[in-house]
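K.L.:
Let me give you the structure first, and then I'll get to my questions.
The values are calculated or read from the model by the stated rules, or taken from the named source; none is laboratory data. This structure is a prediction, so every number in the text was calculated from the model and none was measured. Note that each Cβ is placed from the backbone with ideal geometry, even for glycine, and that neighbours are counted across all protein chains shown. Accessible surface areas use protein heavy atoms only, side chains included; no ligands, DNA or RNA. Shrake-Rupley method; radii C 1.70, N 1.55, O 1.52, S 1.80 Å.
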Amino acid sequence: MNLPINPATFRAHFPAFEEESLNGWAFFENAGGSYMCQQVIDRYNHYYTAHKLQPYGQYPASKEAGNEMDEGHDALARLLNVDVSWIHFGPSTTANTYTLAHAFGQMLKAGDAIIVTNQDHEANTGAVRRMAAEKGLEVREWKVNPSTGSLEFATFENLLDDKVKLITFPHASNIVGEINPVAEVCAAAKKVGAKTIVDGVAYAPHSMPDLSALGADIYLFSTYKTFGPHQGLMAIDPALAEQLPNQGHFFNDGLPRKRLVPAGPDHAQIAASAGIAAYFDDIAEELNIAAPNKNERKLFSALREQETALLAPLMDYLKSSNKVRLVGTDDLDARVPTISMICEKQGLELARDLAEHKIMAAGGHFYVYRLMEGMDIDPNHGVLRTSFVHYTNEAEIQQLISALDQVL
C-alpha cells in the first residue's frame, strides 16, 4: 500500500496513539466519534484552568474567556468557508435538529410539504416527521434504492414541487457511506423556494465541506467526530436564522447566537473548538500545503486521497469474500470510509469477535432503522460497521483484514 502521506504526520497530534491502554488496538469506530487532537485538548484544559466562569464580562478573565469562544466561532467559519454569522454551537446534533424542527413547525402551515429520506440517521428525520404530523404537513419520503442504498437524484426530482418548503437529507449516510449530490439538491430546492437541512455528521470528519459551494441553508455536524469536543455545530444562513422563531428566552430574541440554542452553550467546548482549525493549520504547514481558507481547499483533498488509498485494500478484500455483503457502493471515490457489512452473524456479535483481535468496531442499526427496513435488512440483526479517518495507518488496515478473515 503506497500512501500519499506518512500517517505519522497526523498521529503525532493525537495523544491516544501514545496511550498505553490502547497499545495494539486498531480504532475503526470513527463514525461513532474520533480521537481528540492535542490542539483541542490544550485549549479545553486552558479554559477550565484559567477561566471557567461566565464569559463576556467586565473583568479580564471573563473578557479573555469570551475572546476564546469568539475564536471558536471564527475558526469553524473559516473551515466551512462562510461568514462567522453562520456559526451556532449547541449541545449535540440531535438536540440541534430537535430545536430546528420545533422552529420550522412554528413557520410552516398545514398543506405545506416536506421531503425526508429513509437514509437518514433518526436524529435528522424523526423530529421533523413528528413536527409534520403535529402540524398537518404532507410528508414525502425520498426512498433509497433498496438494492444499493443510494439516494437517486431522479427520485428526488419526482417529489419536488412548489408545495415543498423543507428538505432534510444527509451528506453521507452513516451506514451506506455514499456521498450524496448535495449541491444539486440544494440548487433544485432553491428554484421552488424550499429550505434545506443537510446532516453532515458522517461526512465532515473526512473533508470539511465548502458551504459556499454546496448552497445548503443549514448544515449540521458533530465536532466530536471532527477531532474536537462533544457538541453539535449548526451552520445556518443568517437570513434564515433571523426568520426562524426564537427558541430561547424572550429577552435574547435580538442575540443571534442564543435564539436557536435554548439550552445555552458550553463555553469551554466552544473555545476548544478553535483547536480543530489549529490542527488542520499545523498539518498543512508540515505538509507544505496552504492552510484551509476561502480560496484554498487542497488540504482536505489530500486527506480524502489518503483515506481512499487506505480504503482500497479493504474494499478489495470485501469484494473477494463470499462470506459478507457490502452495504453501499464499492466505488472508492463516491464514498467515505464508513464500511458496513452483513453476514450470518449479527453485527454486534461480529464486533464482539473482532474485539478478541484488538479491533475496535461496532455492530447494530446505528439509528438508521428506516434505512435497514428499506434495504430489507433486519435492524435487530444489524450490520458490522468499520470506519476510519486519515490518521489510520497501513498496519491497522491489515490488522482489520486479518481479523475479518478469521471471524467471518
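K.L.:
Return the FRET efficiency for the residue pair Leu53, Asp83: r is the Cβ-Cβ distance, R0 is 25 Å, and the value is rounded to the nearest 0.05.
P.N.:
0.30
K.L.:
Report ³J(HN,Hα) in whole Hz for each residue of the range 242-249, in order, from the Karplus equation J = 6.51 cos²θ - 1.76 cosθ + 1.60 where θ = phi - 60°; Gly and Pro get x.
P.N.:
6, 6, 5, x, 4, 9, x, 4
K.L.:
Now for a different question. For the range 302-408, what is the convex hull volume of its Cα atoms per residue in Å³?
P.N.:
Per-residue hull volume (Cα only) is 99 Å³.
K.L.:
How much of the DSSP bridge set in the chain is antiparallel, in percent, rounded to the nearest 5?
P.N.:
Around 55 percent of the beta bridges assigned by DSSP in the chain are antiparallel ones.
K.L.:
Follow-up question, since we're still on this one. In whole Hz, with x marking every Gly and Pro, tabulate ³J(HN,Hα) for the range 322-327 from phi via Karplus 6.51 cos²θ - 1.76 cosθ + 1.60, θ = phi - 60°.
P.N.:
The phi angles translate into 9, 9, 8, 10, 6, 9 Hz.
K.L.:
Given a 1.4 angstrom probe, what's the average accessible area per residue across the chain, in square angstrom?
P.N.:
Roughly 41 Å² per residue, with all protein chains present.
K.L.:
With the Cα gyration tensor of the chain giving a ≥ b ≥ c as the square roots of its eigenvalues, does the rule (a/c under 1.5 for rounded; else a/b larger than b/c for prolate; else oblate) give rounded, prolate or oblate?
P.N.:
Note, shape of the chain comes out oblate.
K.L.:
If R₀ is 51 angstrom, what is the calculated FRET efficiency for the pair Gln243 and Asp405, using the beta carbon separation as r and rounding to 0.05?
P.N.:
0.40
K.L.:
With +1 on the Cβ of every Lys and Arg and -1 on the Cβ of every Asp and Glu, and nothing else charged, how large is the dipole of the chain about its Cα centre, in debye rounded to the nearest 20?
P.N.:
Rounded to the nearest 20 debye, it is 960 debye.
K.L.:
Still on this structure, I have one more. I'd like to compare 137-144, 184-191, 227-234, 316-323: which one has the highest average count of other Cβ atoms within 10 Å, and what's the full order after that?
P.N.:
Listed from highest to lowest mean packing, they are 227-234, 137-144, 184-191, 316-323.
K.L.:
Given the rule -39500 (n - 2.57) for each run of at least 4 DSSP H residues, summed and divided by the residues of the chain, what is its mean residue ellipticity at 222 nm, to the nearest 500 deg cm²/dmol?
P.N.:
About -12000 deg cm²/dmol.
K.L.:
What list of ³J(HN,Hα) couplings, whole Hz, do you get for the range 138-147 from phi and the Karplus terms 6.51, -1.76, 1.60, once you set θ to phi - 60° and write x for glycine and proline?
P.N.:
7, 9, 10, 9, 7, 8, 6, 5, x, 8
K.L.:
Of Ala75, Thr99, Asn2, which is farthest on the positive side of the dipole of the range 1-99, counting Cα position, with +1 on Lys and Arg Cβ, -1 on Asp and Glu Cβ, and the Cα centre as origin?
P.N.:
Farthest along the dipole direction, towards plus: Thr99.
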